[in-house]
């Protein structure tokens, strides 16, 4: 294992040298962190074995046996990841659907533990991680760095640990202990590592001025037991986390869910104050699952049609059928009711689907297909409340994948139709095969995501072309603006004859812009062309003073011919233009006024740069308001949008279309938006986007995923119609 981290190479921007330095520093610090983690796990297992735990003693022996191998595999994984960064970017590897199968409960628990480590560390180190990923993307010449491509990112490190632990033959509970120690130790170890890597890249000139747009969130802290005077705090924390089976989420998520339950109960009480008094005995959750299984196999007509009765919410429709089915099966009298916990599950899932279908742009036939997911998701909610608490829950991820594949998909291309056919198959399999094992959601989500990756590769290519075209356009605009300033300074207030004016403002301006794009403004050819313009203007000044033509300063003919060559003018045509310039100087020297000299050069074959009018036209097209009436606070929110963020755009005809931030210009800070097919739909500044938001033509989404966004909007709707929330019942946020 690497034991010495060399500093960054001084004054170098060579990607290989910088990545090699980052690799040495990362291997050193992360290697030490892993050693601490394994040592702490060793102490934990040793203490447990002294208390009579035979399984812990066996695990302790196996850990000590495999300790060196785990460290070696982890170190090699980091080295391999840095090596891949030096290679050309490769598309995401598709999942082989034929190799997927249902996973065991133990494997699912371990996967959930891994996801929680990734989520917790990602939130805690969000600002520094965001900056580091952007700088690594720039250093490796990638438009964006995937989570798995960052050798020091939480996702890669958690997966590297999981692969390294294959050398360890222990129970799932022991592996979970290791994951929790990993999360606890890295929460402190990653901060100095990220700071060191970021500062080194800044010193090397890699995106030195970018600012973080994300904020750090604290890691969740489990409740401590009463007697912690002698126990190691980290060990106590791990034991508590294992005991709760990772049902714990971040405090923000728990607080939101608790508040949501209070609002929901207040809303139900306000809608029907007499319901509690009129309700009969509550059927058990197991009976609810039985009825739901019957409804799942033969979904009632309203769920298939979705909007058959728009006045009745989905939750209310399902509640009626659920209670009706219970009565038919003899599970109670006429006043049979749902327990409060089960009613929460029905209402929350029903409201979530109502919001999802209202706020997302799905085609009518797609809406009916997504409605078929309602019954399986209520079964999940009744069985496992972590659906609402845990962002990495398999059912939650599958719904996000279905929404992503379906939203804005009109089946306009064979690829889109093929993708929708895959979504149909996913929904059919879930409805037909789901009993009470949530592992099927994991399998179906991986299969669908694997297929979507192939679809995304084509879209990413279209996105890159759109970004490259916009980047080229803005570089040209920037070059033309710089050239315009330099030529204006050289020209000063002179009134020039048409021929000389055309040569400078058309031919020379085009030549200088091309030099900037190809060689940069510091190139010798740029200075030579500016000097040639100065010579032309000096000759013109002498001619105005009456200096005889044979006494005028000699023109830099080779440079002038090079300027004309940039516009494709060669040979006799170029000689004719220079002759015209010389005749112009002769006429000025002879005393003719500039206004009287009408001789002009032939029209340039290169189109002139667009004038200011083009900007106002674009502004009117983008914002629909030439005065740009916008809220400064909203403009700041737009300025903070990240690449990959989705919004909703509404055209003047009322057509709603989702659009993603695909690229942010480092030149103008304008944002490029593409649709689901990767085609450019909008390029606008933060101020223009804020103006569109004021006009109702752009809506921000509360969260990045469909499930999270729908949850936020459910809470918003409940707040708008419900009275002050009542206190949620004790234990409402537990699994």
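Readers should treat all values here as calculations from the given coordinates under stated rules, not as data from a laboratory. These figures come from a predicted structure and were not determined experimentally. All Cβ positions, even for glycine, are placed from backbone atoms using ideal geometry, and neighbour counts span all protein chains on display.
Available extension along the chain between residue 141 and residue 365 is 76.5 nm, counting 0.36 nm per residue and deducting the alpha carbon span.
Calculated FRET efficiency, residue 424 and residue 655, Cβ-Cβ r, R0 25 Å, to nearest 0.05?
Values: r = 25 Å, r/R0 = 0.98.
Calculated value: 0.55.
Between residue 535 and residue 269, full extension at 0.36 nm per residue minus the direct alpha carbon distance yields a gain of 87.1 nm.
Can you sort 124, 194 from fewest to most other Cβ atoms within 10 Å of each residue's own Cβ?
Working: 124 23, 194 19.
Going from sparsest to densest Cβ surroundings: 194, 124.
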